[in-house]
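This report concerns only the one structure given below.
Just so it is clear, none of the values below were taken in a lab; they were calculated from the coordinates. Since the structure is predicted, the reported quantities are computational estimates derived from the model, not experimental observations. Quick reminder, even Gly has a Cβ in these numbers, built from the backbone with ideal geometry, and neighbours come from all protein chains shown.
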Amino acid sequence: MYKPFQKYLEQALFETFELTPSPIPLGLDRNVSERGRSPATIQSWCYRSPEMRKIRYTYIDAGEAAQVFNGVLYPNPCYDAPVLGIDFLSFGKKKILVVMDFQPLFRDEAYLAKYIEPMGEMYDRYGDLAQNLGMKFYDANQYFSKYLLFAKTDEATVASRVFPAFQDYVQSYIQLIKQAEPNHSPASVERIVAAQKAYDQYSAERDPAHGLFTSYFGAEWADRFLYEFLFEDAVQLAASH
Ligand code: BLA
């Protein structure tokens, strides 16, 4: 269902950046579960480039039971730009949730004016995908912008509306990175490294997918996937799950 999204993202990234594959820890790049009614495959990809410290995305294909496309793009810490967050889910073809955002690393006015305000025009084109749904797992005021796309929708709308919005957000994010001014001062780099690490910590501790990973692939694999790949800069607290 979201394979065209993945193809589009890959093509855009390969056209723009000089990508080098980043290693994925042993056994986490791919897994197959026979536990459910239909087999579930999870596969992940990871790259880096001079502009991007980490680009990772994952596809879960469990046939009609589940289709998931999830990804995070982290800029090189010489850039304070937001991370690009993508989370497209479909369960049983009925429960379809799409989330996409330029996720701010800082919340001060100057930062929001620089990186978030310019998203407004684009956001306005997709008002139907900005549904102001309440968040159960996350805090909308942390690491989300006011211009996030967040919608419960259906398969037809995914093709007709979500795909163009996705393309627009991806292109706009790539432009943002291409135009970003690097700051190589150690103090600035360290501040951004810390902010990206805090993002990983926050995300790992709240990830709503842990249960899904556990049910398909077991708790041990789920923990490793979360802390060694998805949010590898987070530290796992004892008995966090
Ligand atoms: C919600 N994301 C969810 C849910 C699942 C996932 C199962 C809960 C759906 C529900 O029952 O309501 C799935 N999350 C995943 C998967 C991965 C993952 C499969 O990390 C990893 C492969 N989530 C992100 C990113 C964003 C994001 C990068 O991982 C940013 C755009 C957003 N996901 C996001 C939001 C919700 C969500 C905002 C709703 C959560 C809430 O209600 O608090």
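Quick look at the numbers
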| quantity | calculated |
| --- | --- |
| Pairwise FRET efficiency - Glu18 versus Ala219, Cβ, R0 = 41 Å, nearest 0.05 | 0.60 |
| Stretchable slack from Lys146 to Glu205, in nm (0.36 nm times residue separation minus alpha-carbon distance) | 19.0 nm |
| Isotropically averaged projected area of segment 3-185, using the convex hull of Cα atoms (one quarter of hull area), nm² | 11.3 |
| Ala66 long-range amide H proximity, modeled H, under 5 Å | Gly92 |
| Distance in nm between pseudo-label sites at Ala195 and Val235 (7 Å out along the Cβ direction from Cα) | 2.2 |
| Ranked list, fewest to most other Cβ atoms within 10 Å of each Cβ, for Val158, Val189, Val98 | Val189, Val158, Val98 |
| Per-peptide average of other Cβ atoms within 10 Å, ordering 50-57, 27-34, 80-87 highest first | 80-87, 50-57, 27-34 |
| Under 5 Å, built H, 5+ apart or other chain: amide partners of Lys54 | Tyr74 |
| Semi-axis lengths, Å, segment 199-241, gyration tensor of Cα atoms, sqrt of 5 times eigenvalues | 16, 10, 9 |
| Lys, Arg +1 and Asp, Glu -1 on Cβ, resulting dipole of the chain about Cα centre, debye, nearest 20 | 500 |
| Extension reserve of the Phe106-Arg30 stretch, reckoned as 0.36 nm per residue once the Cα distance is removed | 24.0 nm |
